[in-house]
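The values are calculated or read from the model by the stated rules, or taken from the named source; none is laboratory data. Model, not experiment: these values are computed from the prediction. Please note: Cβ atoms are built from the backbone with ideal geometry, for glycine as well, and neighbour counts cover all protein chains shown. Just the protein is used for accessible areas: all its heavy atoms, side chains included, with ligands, DNA and RNA removed. Shrake-Rupley method; radii C 1.70, N 1.55, O 1.52, S 1.80 Å.
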Amino acid sequence: MNQTQAMNPAFPKIPLLDLKSEVSELKPQLLRAMEDVLDEGAFIMGNQVKQLEREAAEYLGCKHAIALNSGTDALVIALLAAGIGPGDEVITTPFTFFATAEAISRVQAVPVFADVDPLTYNLDLAGLAELITPRTKAIIPVHLFGHPLNMDRLMEIAADYELFVIEDAAQAFGAETGGRKAGTIGHIGCYSFFPSKNLGAYGDGGMLVTDDPQLAETAAMLRTHGSKRKYYNECVGFNSRLDELQAAILRVKLPYLEAWNEERRLAASRYDELLQGLQELALPAECPNGKAVFHQYTVRALNGRRDELLAGLAAVGVSTMVYYPVPVHKLPVYVAGSPSLPVAERLSQEVLSLPIWPKIGADVQRYVAEQIKSLID
Ligand SMILES: *Cc1c(COP(=O)(O)O)cnc(C)c1O
């Protein structure tokens, strides 16, 4: 380890994501918004949630938005609203956060894992049709790291086999593909407002969007104990409401999202430039016909050098993270009888996510890049 660099007072420690700068930038507005909620005295299913739903639907360009407790609940409620249940098969990616598959198992359906594309890290559509059986009911693509999947091709396959499409856009609020927002192209889209997501609350939160009024009504009913009308419960649902304080916070942040995502894209292109030409490093894929929002900037360290790079960066104060060290089909819960999915398995050995947030700044990125260059070729 290079002591001089580790001690460099200009870079005490570079986090993976700096939420503090965002909070301090917006603090007066956030406090005012929270105070309004306290003064209003309505904390659940009040005006803030209604407004947020309206504003999010308008931003995304979809008809219905239903604010929920988490992105995980959005996936579970989406599956139930689509009528997916015991014995049904749902095709998804193994290279994602566990919640994508967990939601499928939660409704007693069976996750069927398809391998991913080594460049985009998203579902590889080429092999998808082979996995479709008479029990297949849906596909859940994930726009991983904010990189939108090519939805046109996926929707064609889904139409051919009459499958339902639920987009897991938890990491891709604001991303675009073919001129439309990721999450609004499938039958249902799911977002997460987990604090680290591009549009993050200061607690848990999520959202489900759809253009279908029937699906929207069912999802809204499932959100509140299976009732459309208070105390007239029609089915067994959940308590999965977003609270007013989180909705008020998200309403302060939503108008900034487009600019923040642009700043993330700029930061990503700066990394691209700083890190180009290294033999042992593969950079994130380009996004033709779309707009990635770089929830993560994830590189691949080749030749088995990932863990060495990770340790070397940690030693000079650069935080990194491996998303995801074990592909979902190899997690203890699913490993029995799981297929071999070589690309996802290889990616989990190679990927490394670098520090990124809207206001990261060129100096910090240059430091990160210099450290990477001194560690690998
Ligand atoms: C964060 C995330 C979720 C779950 O969202 P929560 O709000 O944490 O429940 C689901 N899928 C993906 C891809 C995620 O990144």
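See the values below:
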item	result
Answer from V116, V107, V90 - the residue that is surrounded by 21 or more Cβ atoms within 10 Å (Cβ to Cβ), among the hydrophobic types (A, V, I, L, M, F, W, C) and closer than 28 Å to L242 by Cα	V90
Subset tally (residues that are over 15 Å from A169 (Cβ atoms) and crowded, with 24+ Cβ neighbours inside 10 Å) for the stretch 93-102	3
Candidates S240, S227, filtered to the one that is of a type in the set (S, T, N, Q) and touching a Leu at 6+ places or on another chain (Cβ under 6 Å)	S240
Helices (runs of 4 or more DSSP H) contained in the stretch 28-147 and holding at least 1 residues away from the ligand (no atom under 14 Å from the Cβ) and in contact with a strand residue (DSSP E or B) (Cβ under 9 Å, 6 or more places away or on another chain)	47-60, 71-81
Pair list, Cβ < 6 Å and 6+ apart or interchain, from the stretch 43-66 residues that are farther than 10 Å from L250 by Cα to residues that are part of a loop (DSSP other than H, G, I, E, B)	L60/T184; G61/T184; C62/T184; C62/D211; K63/D211
Residues located in the stretch 284-342, provided they are open to solvent by less than 30 Å² (accessible area, probe 1.4 Å), closer than 28 Å to I104 by Cα and among the aliphatic types (A, V, I, L, M)	A292, V293, V322, V328, L341
Flag if R180 is over 18 Å from the mean Cα position of the chain (by Cα), among the basic types (K, R) and outside the structural domain of P355 (by TED's automatic domain parsing)	no
One residue from A175, A201, A182, A158 being over 26 Å from Y323 (Cβ atoms) and of a type in the set (A, V, I, L, M)	A158
Checking E263 against (1) part of a helix (DSSP H, G or I); (2) surrounded by 14 or more Cβ atoms within 10 Å (Cβ to Cβ); (3) touching a helix residue (DSSP H, G or I) at 6+ places or on another chain (Cβ under 9 Å), the condition it does not meet	(3)
Scope the stretch 166-196; condition in contact (Cβ under 8 Å) with a residue 24 or more places away in the chain, of a type outside the set (S, T, Y) and surrounded by fewer than 21 Cβ atoms within 10 Å (Cβ to Cβ); matching residues	E176, G178, R180, H187, F194, P195
